[in-house]
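Just so you know, all these numbers are worked out from the coordinates, no wet-lab data involved. Just so it is clear, the structure is predicted and the values come from calculations on it, not from any experiment. Here the Cβ is made from the backbone with ideal geometry for all residues, glycine too, and neighbour counts use every protein chain on show.
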Amino acid sequence: MLRMGVGSIRVVIRSFKKGSWLLQGLGLLKCLPPSLAILYHLAEQLLFCSYFLPTILEDVALTEKLFYFAIFQGSALTTLATAFHLKFKSRPRSNQLVTTNCVCKKCGLPREARTYHCLICNVCVPMFDHHCAWLDVCIGRHNRRLFIHFLLLLAMHGVSTAIFLYWNFWRLNIFEIMDLAVFTHFVASLFFGSASLILAFIQLFFVALNQTTMEFLMNKPTQRRSLVHNLQSVFGRSWLHALIPLYEEIRIYRQEAILKYNMNRASLGGRAKSGSVQTSNHQNGYRLSHAHMGTQFNSINL
């Protein structure tokens, strides 16, 4: 049964040819998943602020309310920040000149080993894993670590929200509209959290095997390496990169900000120095002209 399922998935993957009806249909529907994700988070924020705080957390102390609020908002904002960076800030380092004889059949540019051409984005992605429909972005070597962090954050947020709602089910009345919305949100949180957790474990399993989803579906063998080497190739050598989401991105942003500040400071210092040199040259020229005029005046008097 598993082989039949994997075989059918491979047939679907191979049918993604340029101009096919399947690819065109996916292109039309690519805006739907991000819209649903945004609506889900907006509904979650509205339910928490307008229902959870005044009703479920009504008899709780203020410090405990702030604790729940900080945990909920912190996990939601971190998840959204990771998704935002995946969508808008991470770009595949492809279509660059590489020293190889392998040429992409779709775009005609040289490409590295384990590089695949995404027909949706029309770009070659090194270590292409898959095209995420929820974020409409290609997952590859440049953002695989971020994608796994996003899945883990979404899983923790969804499962913790579902557990919190399950503990307070005795307060709910399913026949009321607001309580029905809370129950629906419980089902959605449990579904998204569980699905994200399963996908995160699948990604970690592929990382441990030094394999991508595309290579697994296409049944392509990969080089066998140690588990530590496979994990370091995706998460980096520091444990901070593997455990803290957006740690590397924040560090790079901080270094770029410091470099930009130093460059601006150096340029301002150079302008001030050139201005002082011009002022001193102007003063020296003014003095020389006055001395020359005085010499001419003395010669006339003589």
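At 37 °C and 0.692 mPa s, what whole-number value in µm²/s does Stokes-Einstein give for the translational diffusion of region 101-140, with Rh from the Kirkwood sum over Cα pairs?
So the translational diffusion coefficient is about 318 µm²/s.
Mind listing the long-range amide H neighbours of Tyr116? Cut-off is under 5 Å, sequence gap 5 or more, other chains count too, H placed in the peptide plane at 1.01 Å from N.
Val125, Met127, Phe128
Highest first, please rank the peptides 117-128, 192-203, 235-246 by the mean number of other Cβ atoms sitting within 10 Å of their residues.
117-128, 192-203, 235-246
Compute the distance from the alpha-carbon center of region 148-163 to that of region 200-252, in whole Å.
19 Å
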